[in-house]
Amino acid sequence: MSSKPRDVVYGGPKPPVERFTLRKLAAKYRRGERITMVTAYDYPSAVHVDLAGVDVCLVGDSAAMVVHGHDTTLPITLEEMLSHFRAVARGASRPLLIGDLPFGSYERDPAQAIETATRIMKEGGMDAVKARSLEGGSPARVRAARALVDAGVAVMGHVGLTPQSISVLGGFRPQGRSHDEAADIVERALALQDAGCFSGAFFVLECVPAAVAAATTAALRVPTIGIGAGGACSGQVLVYHDLLGFTQHPHHAAVTPKFCKRYANVGEVITGALAAFREEVENGSFPSVAFSPYELREGDAARFAAALRERGLGEAATAVEELEGGEKSGGGAASS
Ligand SMILES: Nc1nc(=O)c2c([nH]1)NC[C@@H]1CN(c3ccc(C(=O)N[C@@H](CCC(=O)O)C(=O)O)cc3)CN21
Ligand SMILES: CC(C)C(=O)C(=O)O
Ligand SMILES: [Mg+2]
């Protein structure tokens, strides 16, 4: 339990590590090795993703759902995302850090996109940004993406299901299931890549048939990271809470997509531990002596008791004497 030394010294010095850069990512892709990406939203989740050796850490706007309890990703603000970015940047040293541009923070024009993206990098400490608006081969989209790259911002595209479009799509539904929609997804990805916007960058492919993901991956010269998109992508991403099984809460259960594999049941571990704490406090077994580390100075207990008695606080004095003289077991202390 808590006598075990911690694996991670929170806030403590960290050994120098080499960041997994976009160049390294591109090299891994060229070697044909699969790329791993997991979301994180705060300091501890970022430390976990880092320690597990995951290549890329996405601070996703899924935070709106899995951290803030909203039904969609739309309500989260740039200020809220910046707080998540900063916390993750403090915790993850090696992974490449990608920040989602939140809904409403970049769509108006390229200037707004640059303003938001540069804040995400300067104030949030991210290495790159991702946005669903960068999907689509329309001239406006390509302009926005190119403007970002010109401003020195690495951008990650997001095609297939783009949850920020839920209002238009009508739900979190798989995309590209008809042949023309499927071809459209490949076209959009290609248009942006060929505009030169994604040299060294890459795409998220979300909720599309495996064949559409395979076609897109084969058509592009940059990596694709799939989520609910089958096994033919250059890499895979899952949401931290889904992967870890935080999801037995009714809210989480309702928004956990069926493509998510649970690698642990952390939610059960957490509720089990919290219930054990509650039980031990209620039955008085916590805190035991082992977890009551602070003591009066040698000989001061008697003086303390005497001082209390002098002030007419006899019961308080007895409490001191019982504890200091007697068994000192945590259990007996909760008398009144
Ligand atoms: N916890 C969590 N995991 C995610 O992967 C995730 C989020 N949240 N929030 C942002 C988006 C939203 N995502 C989702 C959410 C639900 C489905 C889902 O259940 N789709 C159903 C269809 C539902 C419908 O038709 O309305 C499916 O069968 O695929 C898919 C992707 C993926 N992202
Ligand atoms: C699901 C991933 C790709 C995402 O965009 C998010 O977590 O917000
Ligand atoms: Mg997102």
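The values are calculated or read from the model by the stated rules, or taken from the named source; none is laboratory data. The shown structure was predicted, so the numbers you read here are calculated from the model rather than taken from an experiment. Positions of Cβ are generated from backbone atoms using ideal geometry, with glycine treated the same way; all protein chains shown enter the neighbour counts. What goes into the accessible areas is simple: the full protein's heavy atoms, side chains included, and nothing from ligands, DNA or RNA. Shrake-Rupley method; radii C 1.70, N 1.55, O 1.52, S 1.80 Å.
If each residue of separation counts as 0.36 nm, what is the full-extension length gain between Lys122 and Glu107 once their alpha-carbon separation is subtracted?
Details: separation 15, 0.36 × 15 = 5.40 nm, distance 1.99 nm.
Fully extending the segment from Lys122 to Glu107 adds 3.4 nm.
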Using a 1.4 angstrom probe and counting only protein chains, how large is the accessible area of Ser167 in Å², to 10?
-> 100
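Between Arg23 and Thr271, what is the FRET efficiency for a Förster distance of 30 Å, r being their Cβ-Cβ separation, to the nearest 0.05? Walk me through the intermediate numbers first.
Details: r = 43 Å, r/R0 = 1.43.
Efficiency, from the Cβ-Cβ distance: 0.10.
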Aspartates and glutamates within cross-link reach of Lys258: Cα-Cα under 14 Å, excluding same-chain residues under 8 positions apart?
-> Glu206, Asp242
What nm value, rounded to one decimal, do you get for the distance between His68 and Arg311 when each label is placed 7 Å out toward the C-beta?
-> 4.8
With each pseudo-label sitting 7 Å past Cα toward Cβ, what's the Arg262-Ala302 distance in nm, one decimal?
-> 6.0
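Sorted by average packing, counted as other Cβ atoms within 10 angstrom per residue and highest first, what order do 169-181, 69-81 take? Intermediate values should be presented prior to the final figure.
Working: 169-181: 12.9, 69-81: 17.1.
Sorting 169-181, 69-81 by mean packing, highest first, produces 69-81, 169-181.
How much of the accessible area of segment 31-107, probe 1.4 Å, is carbon plus sulfur, in whole percent?
Values: 1440 of 2660 Å².
Carbon and sulfur together cover 54 percent of it.
Can you tell me which of 32-40, 144-152 comes out highest on packing, and rank the rest after it, using the mean Cβ neighbours within 10 Å? Can you show the working numbers first?
Values: 32-40: 20.1, 144-152: 18.2.
Highest mean packing first, the order is 32-40, 144-152.
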Percent of alpha-carbon pairs separated by more than 33 Å within segment 22-238 | 6
The relative contact order of segment 208-301, taking Cα pairs under 8 Å that sit 6 or more residues apart, comes to a percentage of 17
Which whole-number value in Å² is the accessible area per residue of segment 17-128, probe 1.4 Å?
-> 42
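Fully extended, how many nm does the chain gain between Ala183 and Glu79 (0.36 nm per residue separation, minus their Cα-Cα distance)?
Using 0.36 nm per residue and subtracting the Cα-Cα distance, I get 33.8 nm.
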Efficiency of FRET between Asn283 and Ala319 - r from beta-carbon atoms, R0 30 angstrom, step 0.05 = 0.90
